[in-house]
Amino acid sequence: MKEKENKDQHQNQNKNSSPNPGPNQNSTQKSQVTVEMKNITKVFGNFVANDNISITVHKGEVHALLGENGAGKSTLMNLLYGIYQPTHGEIFINGQRVDLDNPSVAIGLGIGMVHQHFMLVPIFTVAENIVLGQEPLLHNLNMSLAPLDMKKAIESVEDISKKFGLTINPLTKIQDLTVGQQQRVEILKMLYRGAEILILDEPTAVLTPQEITELAKIIKNLSAQGKSIIIITHKLKEIKEMADYCTVIRRGKYIDTLHVPSCTEQDLAQKMVGRDVILKVPKKDATSGRPILKIENLKVKDNRGLLAVNGFNLEVCSGEILGLIGVDGNGQSELVEAITGLRKVESGGQVYINGAPITNKTPREVFLHKIATIPEDRQKHGLVLDFSIEENMILQTHGDPSFSSKIGMLNHKSITDFANKLISKFDIRPANHLALARNLSGGNQQKIIIAREITHNPDLLIAVQPTRGLDVGAIEYVHRSLIEQRDNGKAVFLVSLELDEVLNVADRIAVIYHGQIVAIFKADQTDENQIGVLMGGGGSGGGASGGKR
Amino acid sequence: MFSDIALILGTTLMYSTPLIFTALGGVISEKSGVVNIGLEGMMTIGAFIGATVGYFTGNPWIALLAAGSAAMVLALFHAIASIHFAADQVISGMAINFLGPGISIFLCRIFFDGTTMSLSIPLDQKIPRPLNGFFAQNSFFDLIFNQYATVYLAFVLMAIIWFVLYKTRLGLRMQAVGEHPKAADSLGISVYKIRYIAVLCSGFLAGIGGASMALSVVSNFRPTLISGQGFIALAAIIFGKWKPQGATLACLLFGGAQAFVIFLGNPQVGVNISSQLLAMIPYILTILILMGFVGRTNAPAAVGVPFEKH
């Protein structure tokens, strides 16, 4: 492993070219420039993904790269990791101009990247994943058929994890780890390769609030040890928590580099979106009416056959948004699956909609009871990715007389008209009814689902993590839609892992822990701290909650 | 009674061997993420080349190597199509299954005066039996263990492949490529190279498997010699959960069914069932086993999915 930094190289750095307002203010760090990307342009076909972008990162600095989905952040970082090569522009690492032809070159220069979708082999152990590609071999035989030295591999992993405070058992299989732990393995993988520059692509997208706090600590620790860290993100709060500097990119263009401690979330949002963004959507007081959804003593088993939902009671009324908050893996997914007919309800429990029992009905019957769902995983359960926008729009209603004839022939004209109406009403981009859902950004994919589900005119809208992975502009849109439903007198059941979201949007907040409601508050009569404690099992006498699913 | 059991066990070993070679090769290929449904065709060409080279050279070892190499050439086509050109691996494999027998019969007519059956190899030029005479003739152990060298070779090979897959750098990378090729690629491992190696190995072993049929179980090539063994080996891979030792056990089971059929077919045993019905047993067993083991939870995650770099 490379331990020594190249100390003489920073002297020939041209500081004037730095777009940063100044060197890192952390006085214990040297202000050596580790990464400099100059006037980078990357063109795919006739699409300009990056247009003359420059970015400078210093040793020991945490630098956030902020932009909406599709702004070109990931492209820029893939250039730095050698996955793509720039059309124009130059990259300097530790002051030296480099050609990053492939990831191996980048790894050799001490650059490591943690991808948003983890690059881990699920059936391999932690140690196997970390050493893969640079395996220690018995007797240092350097040949393909040389036996692996797993003992040495495990030792190396233990050494690095101790050095950087990333606790992990090297012998555990990846598939048995939580998402947060898997991310740790990814970071260790880079450190094992001697990375001095770490790129984290949307590192918090899949983490629970606790895991995010943990990650922030890890990042602080790594930067204190002199690593340069680049975080690709669109979450403003985390930039404020973790980053020293923030470079904003919009539609492939460089916008600005900000010193994070001296700007607000609102500033960042404005730079990112290019207009004023409302981080907290305003809303009138709720005028809640009769109960729409009623859940009594619900018990649901998870895939392992254990009771994930255990005696759950809840009412959601018309004209209100009820937010269900809890750490991931406390039965939320099973609960929603049980309500929507995807999972069996154990005997004794009941689910009513408008007074009618829908317990253990099929998803189709549940849908016909005027329940619409924005599912947890839009790509898996919300859309057929290889269907066009219009086909996705009629997934539940293709059999309606307006869309198909008596003998089952689809009426393409009315389907297209319907889709086009929704596309313009919900501003789905690209505005092409034949575009494949797969090729749309996350925000636009979510818009397809919202458009479809709201158009069913449901009495109850179930929204499960509806803003997961979306940028602020899209989040604002989703929140507005939920509040609009509520204002139209509908019941909205919002299941979320984001405390901020629930506090901002919901009228009443229910906290779920180990498959049960531990408390219900009016949103204006509680705060982050009170709910945070309850989410972790405090107050119900339970132990610490695991984020494991 | 004892000698009956010994005879069945001995026949089991003999009939399992071609399956074991082929299935071990298939395990390698599938572990790296490439479905090799062309095993049948590769076995056929192996059987033909083995019988022909064995007949003309008189040396069974050269014949085995030639058979492996010939099947490797077919495997190369499969590799180029399914790895390089990201073709559907099942379709490419099916093409091999037509090509293998086609080429074999075509060449057979050229070499053996227009017949589709090669001439028999004299007994002393077949694969030797290293333990011949070690046990008393027709004793219990003699009936079981006095086998052709290919039988022992198959089990040695199982151990070697187990070691390579689970204990060496190549094995770790092969599995990584079959489970998560993108991850392997992001760490600088050449997915293409590893898959080529795996598919070529698989072809070589299928060729050996076919030749071990022609050079030990029987002593010539004929069009019906390889009739489904490649597919049975494929089933054995699945039944054996994509593990060399598991696939070997599964092959022994299928070989056992075959041996049982042969035993029952012996008029002296006195079972009065039509031989055609008996011959169906191994195939029916294959279907039953595959039905009982639904789901591909143990399959390499990326098997059958072509890998394309951006």
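Numerical summary
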item: Any chance A:SER414 is over 29 Å from A:SER318 (Cα atoms) and among the polar types (S, T, N, Q); result: yes
item: Some residue of the range A:263-277 being in a strand (DSSP E or B), touching a residue at least 24 places away in the same chain (Cβ under 8 Å) and not assigned by TED's automatic domain parsing to the domain that holds A:ALA506; result: no
item: Candidate set: the range B:183-195, residues that are surrounded by fewer than 22 Cβ atoms within 10 Å (Cβ to Cβ), more than 7 Å from chain A (Cβ to nearest Cβ) and not basic (Lys, Arg); chosen: the one nearest to A:ASP149 (Cα to Cα); result: B:SER190
item: Unique residue being outside any helix (DSSP H, G or I) and small (Gly, Ala, Ser) when the list is A:ALA216, A:ALA195, A:ALA127, A:ALA153; result: A:ALA195
item: Some residue of the range B:258-280 being more than 14 Å from every other protein chain (Cβ to nearest Cβ), under 30 Å from A:ILE83 (Cα atoms) and not aliphatic (A, V, I, L, M); result: no
item: Residue match in the range A:182-189 (condition: touching a Phe, Trp or Tyr at 6+ places or on another chain (Cβ under 6 Å) and either in the same structural domain as A:GLY82 (by TED's automatic domain parsing) or of a type in the set (S, T, N, Q) (or both)); result: yes
item: The range B:136-182, residues that are buried (at least 16 other Cβ atoms within 10 Å of the Cβ), among the polar types (S, T, N, Q) and either in contact with a His (Cβ under 9 Å, 6 or more places away or on another chain) or more than 14 Å from every other protein chain (Cβ to nearest Cβ) (or both); result: B:ASN146, B:GLN147, B:THR150
item: Residue check for B:GLY207: part of a helix (DSSP H, G or I) and either within 24 Å of B:MET158 (Cβ to Cβ) or touching a helix residue (DSSP H, G or I) at 6+ places or on another chain (Cβ under 6 Å) (or both); result: yes
item: Among (1) open to solvent by 10 Å² or more (accessible area, probe 1.4 Å); (2) under 19 Å from B:VAL218 (Cα atoms); (3) modelled with pLDDT of 95 or more; (4) among the hydrophobic types (A, V, I, L, M, F, W, C), the one test that B:ALA47 misses; result: (1)
item: Filter result for B:LYS126 (in contact (Cβ under 8 Å) with a residue 24 or more places away in the chain and basic (Lys, Arg)); result: yes
item: Count of the range A:105-126 residues which are over 23 Å from A:THR34 (Cβ atoms) and free of Cβ contacts under 8 Å to residues at least 24 places away in the same chain; result: 1
item: Selection status of A:LEU342, open to solvent by 20 Å² or more (accessible area, probe 1.4 Å), assigned by TED's automatic domain parsing to the domain that holds A:ILE517 and within 20 Å of A:VAL492 (Cα to Cα); result: yes
item: Lone unmet requirement of (1) closer than 26 Å to B:GLN89 by Cβ; (2) modelled with pLDDT of 85 or more for B:ARG222; result: (1)
item: Residue among B:ILE37, B:ILE20, B:ILE8 that is hydrophobic (A, V, I, L, M, F, W, C), touching a helix residue (DSSP H, G or I) at 6+ places or on another chain (Cβ under 6 Å), part of a loop (DSSP other than H, G, I, E, B) and in contact (Cβ under 8 Å) with a residue 24 or more places away in the chain; result: B:ILE37
item: Qualifying residue in the range A:155-162 (condition: within 21 Å of A:ASP328 (Cβ to Cβ) and of a type outside the set (A, V, I, L, M)); result: no
item: Qualifying position, being modelled with pLDDT of 90 or more, within 19 Å of B:ILE5 (Cα to Cα) and buried (at least 19 other Cβ atoms within 10 Å of the Cβ), among B:GLY256, B:GLY230; result: B:GLY256
item: Filter result (buried (at least 24 other Cβ atoms within 10 Å of the Cβ), under 22 Å from A:PRO261 (Cβ atoms) and not acidic (Asp, Glu)) within the range A:59-80; result: A:VAL62, A:HIS63, A:ALA64, A:LEU65, A:LEU66, A:GLY67, A:LYS73
item: Any hit, the range B:97-120, residues being within 28 Å of B:ALA51 (Cβ to Cβ), touching a Pro at 6+ places or on another chain (Cβ under 7 Å) and of a type in the set (A, V, I, L, M, F, W, C); result: yes
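Residues checked against (1) touching a residue at least 24 places away in the same chain (Cβ under 8 Å); (2) over 24 Å from B:VAL177 (Cβ atoms):
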| site | (1), (2) |
| --- | --- |
| A:GLN134 | yes, no |
| A:LEU138 | no, no |
| A:MET143 | no, no |
| A:PRO147 | no, no |
| A:GLU155 | no, yes |
| A:GLU158 | no, yes |
| A:SER161 | yes, yes |
| A:ASN169 | yes, yes |
| A:LYS173 | yes, no |
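For every residue, the table says whether it meets (1) touching a Gly at 6+ places or on another chain (Cβ under 8 Å); (2) surrounded by 16 or more Cβ atoms within 10 Å (Cβ to Cβ); (3) more than 9 Å from every other protein chain (Cβ to nearest Cβ).
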| position | (1), (2), (3) |
| --- | --- |
| A:HIS115 | no, yes, no |
| A:PHE124 | no, yes, no |
| A:ALA127 | no, yes, yes |
| A:LEU145 | no, no, no |
| A:ALA153 | no, yes, yes |
| A:GLY165 | no, no, yes |
| A:PRO170 | no, yes, yes |
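The values are calculated or read from the model by the stated rules, or taken from the named source; none is laboratory data. Small disclaimer: the values here were computed from a predicted structure and weren't measured. Please note: Cβ atoms are built from the backbone with ideal geometry, for glycine as well, and neighbour counts cover all protein chains shown. All accessible areas refer to the heavy atoms of the entire protein, side chains included, with ligands and DNA or RNA removed. Shrake-Rupley method; radii C 1.70, N 1.55, O 1.52, S 1.80 Å.
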